[in-house]
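Report on one structure; see the data block that follows.
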């Protein structure tokens, strides 16, 4: 919340350079190719979806492999291409109460995992499509700016009108704060994510660790077993993620899921940059510990 709140506070003086510069509005590739025709844009979307599914089917499932992801999904795999993860035993040790059926699903090399991921991707596609049809944004990071604004209003209500970002998100009418303001169903989405993960880990997979202190093996291999170092890294990592999400005007769910589903140029560009920077950052941060 602090990361989102910081951007909310400094938005005013930086909005010209970081928000309004090179802002070409809501550009959609589908509508651009269809010359603004809604029916034509729909057909363009079908073509893009078919192209992406085709790419998924034929891209090799494993490094230097010959079988594509689609073949792996159908169970037609080459045993020599299977990933035999060395972390399987370690994974079971970290989650001693985990149900036995979870491992084949969590192990990336199995056919079960491939099918589960496909089902989840399909569910996300249906959800984001429904969200767009309902003229809503599928996002979560706005919630933290909204909560930060309510926190400021509780202690310093006169500050809200002087902070452009929060004044837009939480308008005040005739001296009365519009608590919901321009927030959509993002808080419900955040709550659903939290409860879904909690219920699943406690009742379904039994991977709930009961707040036991844990340091991921890849982190321990690279930075050691210091709990305080891990705590600070998690805090500042989360801080930067939320600060960056609000500076970008949306998080991965808002830009990549909702934006890409609409073939928004900004969403596709955002998704490509996220994947590229995540790859570079992981290798710079962990180096050989990823091997």
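The values are calculated or read from the model by the stated rules, or taken from the named source; none is laboratory data. Keep in mind that this is a model prediction, so the values were computed, not measured. Note that we place each Cβ from the backbone using ideal geometry, even for glycine, and neighbour counts take in every protein chain shown.
Of all the residues in the range 259-271, those that are part of a helix (DSSP H, G or I) and either at pLDDT 90 or above or touching a strand residue (DSSP E or B) at 6+ places or on another chain (Cβ under 8 Å) (or both) number 1.
In the set 43, 48, 57, 52, which member is modelled with pLDDT of 80 or more, touching a strand residue (DSSP E or B) at 6+ places or on another chain (Cβ under 6 Å) and assigned to a helix (DSSP H, G or I)? Of the residues listed, the single one that is modelled with pLDDT of 80 or more, touching a strand residue (DSSP E or B) at 6+ places or on another chain (Cβ under 6 Å) and assigned to a helix (DSSP H, G or I) is 57. Consider residue 287 carefully, then state whether it is modelled with pLDDT under 85 and surrounded by 12 or more Cβ atoms within 10 Å (Cβ to Cβ). Spelling it out, it is not the case that residue 287 is modelled with pLDDT under 85 and surrounded by 12 or more Cβ atoms within 10 Å (Cβ to Cβ). The set of residues in the range 234-258 that are modelled with pLDDT of 85 or more and within 16 Å of the chain's Cα centre (by Cα) comprises 237, 238, 239, 240, 241, 242, 243, 244, 245, 246. Any chance the range 137-156 includes a residue that's under 30 Å from residue 45 (Cα atoms), loosely packed, with under 14 Cβ neighbours inside 10 Å and free of Cβ contacts under 8 Å to residues at least 12 places away in the same chain? Looking through the range 137-156, none of the residues is under 30 Å from residue 45 (Cα atoms), loosely packed, with under 14 Cβ neighbours inside 10 Å and free of Cβ contacts under 8 Å to residues at least 12 places away in the same chain. Of all the numbered requirements in (1) under 26 Å from residue 44 (Cα atoms); (2) in contact (Cβ under 8 Å) with a residue 60 or more places away in the chain, residue 256 misses one, and that requirement is (2).
When the range 214-230 is filtered for residues that are loosely packed, with under 12 Cβ neighbours inside 10 Å and either assigned to a helix (DSSP H, G or I) or in contact with a strand residue (DSSP E or B) (Cβ under 8 Å, 6 or more places away or on another chain) (or both), the ones remaining, listed by number, are 227, 228. Restricting 70, 40, 45 to those that are touching a residue at least 40 places away in the same chain (Cβ under 8 Å) and surrounded by 13 or more Cβ atoms within 10 Å (Cβ to Cβ) reduces the list to 45. Just one of (1) surrounded by 11 or more Cβ atoms within 10 Å (Cβ to Cβ); (2) within 30 Å of residue 129 (Cβ to Cβ); (3) at pLDDT 75 or above fails for residue 11. It is (2).
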